[in-house]
1. Considering only residues of region 4-52 that are part of a loop (DSSP other than H, G, I, E, B) and of a type in the set (S, T, Y), which is modelled with the lowest pLDDT?
2. Name the residue that is farthest from the chain's Cα centre (by Cα), counting only residues in region 53-76 that are surrounded by 20 or more Cβ atoms within 10 Å (Cβ to Cβ), among the hydrophobic types (A, V, I, L, M, F, W, C) and not in a loop (DSSP other than H, G, I, E, B).
3. Using the structure shown, decide if E101 is charged (D, E, K, R), open to solvent by 70 Å² or more (accessible area, probe 1.4 Å), out of contact with any helix residue (DSSP H, G or I) (no Cβ under 8 Å at 6 or more places or on another chain) and within 20 Å of P174 (Cβ to Cβ).
4. Based on what the data block shows, is A120 buried (at least 18 other Cβ atoms within 10 Å of the Cβ), without any contact (Cβ under 8 Å) to a residue 40 or more places away in the chain and small (G, A, S)?
5. What number of residues within region 190-205 satisfy the criterion of being within 23 Å of I27 (Cα to Cα) and not in a helix (DSSP H, G or I)?
6. Taking I38 as meeting all but one of (1) of a type in the set (A, V, I, L, M, F, W, C); (2) open to solvent by less than 20 Å² (accessible area, probe 1.4 Å); (3) more than 15 Å from the chain's Cα centre (by Cα), write down the number of the exception.
7. Out of curiosity, is M155 in contact with a strand residue (DSSP E or B) (Cβ under 7 Å, 6 or more places away or on another chain) and open to solvent by less than 60 Å² (accessible area, probe 1.4 Å)?
8. Scan region 175-189 and tell me whether some residue there is closer than 18 Å to F95 by Cα, part of a loop (DSSP other than H, G, I, E, B) and open to solvent by less than 30 Å² (accessible area, probe 1.4 Å).
Amino acid sequence: MSDSTEYKNILSPSILAADFSILGEQIRKADEAGAEYIHIDVMDGVFVPSISFGMPVIETIRKVTDKTFDVHLMIVEPERFVKEFAACGADSITFHLEATEDAEELIEQIHALGCRAGMAVKPKTPIEAVRKYLDKLDMLLVMTVEPGFGGQSFMENQMEKLAALRALCAERNPECLLEVDGGVNAQTGALCRQSGANVLVAGSAFFKAKDKAAFVKEIEAAV
């Protein structure tokens, strides 16, 4: 990663924690607070126990902001739907390694649609599982909770894995962003940054913050 981007930290507020009765307003507040990304968790009730939302919601909120839509697919066989997610406004599409049988082909498919390709891994997925894909990825997402539910406690034991993946990125693909999702707040976000993450997903901590702009600055502060 070049010096111009290596230490730039990005907050990606997760709308899973937003108030859906005023979702457009919530996204505008994230935009006004200075968040560069909007994190969109798509859950199918199969790969993970919960169900969230899909293409119609993304297409609707695309009209509200021009910020980067960071779409995180927690669904089985994500290759079935990436074309539709790209068409409704996704800028970056992240799929779970554990959810597809041909990750390499899926990465190529996402790139062909003009989107950045990301790969997510669950807490128990070993580092070596991602090595052969790393040079093709734009982002690698490390889960610091078990995927599927908001409000879980941050798994600090994932920091060693995160640091190892940062070293692997430096070796194989320095431009690859390293994202963390799960239990991120100002305190745990600092741990993630120290371990090499530069994109941090925050849900409840962001949307419940009284001063959202201050929260963005704190999360994005350089280590």
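1. Kept after step one, since they are part of a loop (DSSP other than H, G, I, E, B), are these residues of region 4-52: 7-9, 18-19, 34-36, 45-50, 52.
Applying the additional criterion that residues be of a type in the set (S, T, Y) yields 7, 50, 52.
Values: Y7: 54, S50: 92, S52: 95.
Among those residues, the one meeting the criterion is Y7.
2. Within region 53-76, the subset surrounded by 20 or more Cβ atoms within 10 Å (Cβ to Cβ) is 58, 61, 69-75.
After this cut, where a residue has to be among the hydrophobic types (A, V, I, L, M, F, W, C) as well, the list is 58, 61, 69, 71, 73-75.
So of that shortlist, the ones also not in a loop (DSSP other than H, G, I, E, B) come out as 58, 61, 69, 71, 73-74.
On the way: I58: 15, I61: 17, F69: 10, V71: 7, L73: 9, M74: 11 Å.
The extreme case among them is I61.
3. Details: charged (D, E, K, R): yes; open to solvent by 70 Å² or more (accessible area, probe 1.4 Å): yes; out of contact with any helix residue (DSSP H, G or I) (no Cβ under 8 Å at 6 or more places or on another chain): yes; within 20 Å of P174 (Cβ to Cβ): no.
It is false that E101 is charged (D, E, K, R), open to solvent by 70 Å² or more (accessible area, probe 1.4 Å), out of contact with any helix residue (DSSP H, G or I) (no Cβ under 8 Å at 6 or more places or on another chain) and within 20 Å of P174 (Cβ to Cβ).
4. Here the answer is no, as A120 does not meet what is asked.
5. Of region 190-205, the ones within 23 Å of I27 (Cα to Cα) are 198-205.
Checking which are not in a helix (DSSP H, G or I) leaves us with 198-203.
Result for region 190-205: 6.
6. (3)
7. On the way: in contact with a strand residue (DSSP E or B) (Cβ under 7 Å, 6 or more places away or on another chain): no; open to solvent by less than 60 Å² (accessible area, probe 1.4 Å): yes.
Taking the combined requirement at face value, the residue does not satisfy it.
8. To start, the set of residues in region 175-189 that are closer than 18 Å to F95 by Cα comprises 176-182.
The next check asks that each one be part of a loop (DSSP other than H, G, I, E, B); those that pass are 176, 182.
From what is left, the residues that are open to solvent by less than 30 Å² (accessible area, probe 1.4 Å) are 176, 182.
Yes, region 175-189 contains a residue that is closer than 18 Å to F95 by Cα, part of a loop (DSSP other than H, G, I, E, B) and open to solvent by less than 30 Å² (accessible area, probe 1.4 Å).
The values are calculated or read from the model by the stated rules, or taken from the named source; none is laboratory data. Every value quoted in this text rests on a predicted model; they were computed, and no experiment measured them. Note that each Cβ is placed from the backbone with ideal geometry, even for glycine, and that neighbours are counted across all protein chains shown. Ligands, DNA and RNA are stripped out before the accessible areas are found, and what is left, the full protein with its side chains, is counted by its heavy atoms. Shrake-Rupley method; radii C 1.70, N 1.55, O 1.52, S 1.80 Å.
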